[in-house]
Amino acid sequence: MISRNWNKELTEENLRQQIAQAKQTWKTAEATEPRAESVQYNQSEDLIVIKLKNGAIFCFPPRLAQGLDRGASRF
């Protein structure tokens, strides 16, 4: 069982601080973590193509991803 500390009173100021912290966390993650920009299935090459926001491109055959080997045949 997970126990959380809920002793803090939810006030307008606490809420504003939490929102500001969440926005900063998102900005940091957006700037530092790889994020997908698009995903496509290339039927002629039988590849899943993932393009990241930083310009990197990853390709792999659907058979390497559990469950995708059956789904790709429907395209």
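Every number here is computed from the coordinates shown, using simple stated rules; none is lab data. Every value quoted in this text rests on a predicted model; they were computed, and no experiment measured them. Positions of Cβ are backbone-derived with ideal geometry, glycine not excepted, and every protein chain shown enters the neighbour counts.
Test of understanding: what is the full-extension gain from Asp46 to Gln66, defined as 0.36 nm times their sequence separation minus their Cα-Cα distance?
Gain on stretching Asp46 to Gln66: 5.7 nm.
Given a Förster radius of 35 Å and the C-beta distance between Ala31 and Glu9 as r, what FRET efficiency does 1/(1 + (r/R0)^6) yield to the nearest 0.05?
With R0 = 35 Å, the Cβ-Cβ based efficiency is 0.60.
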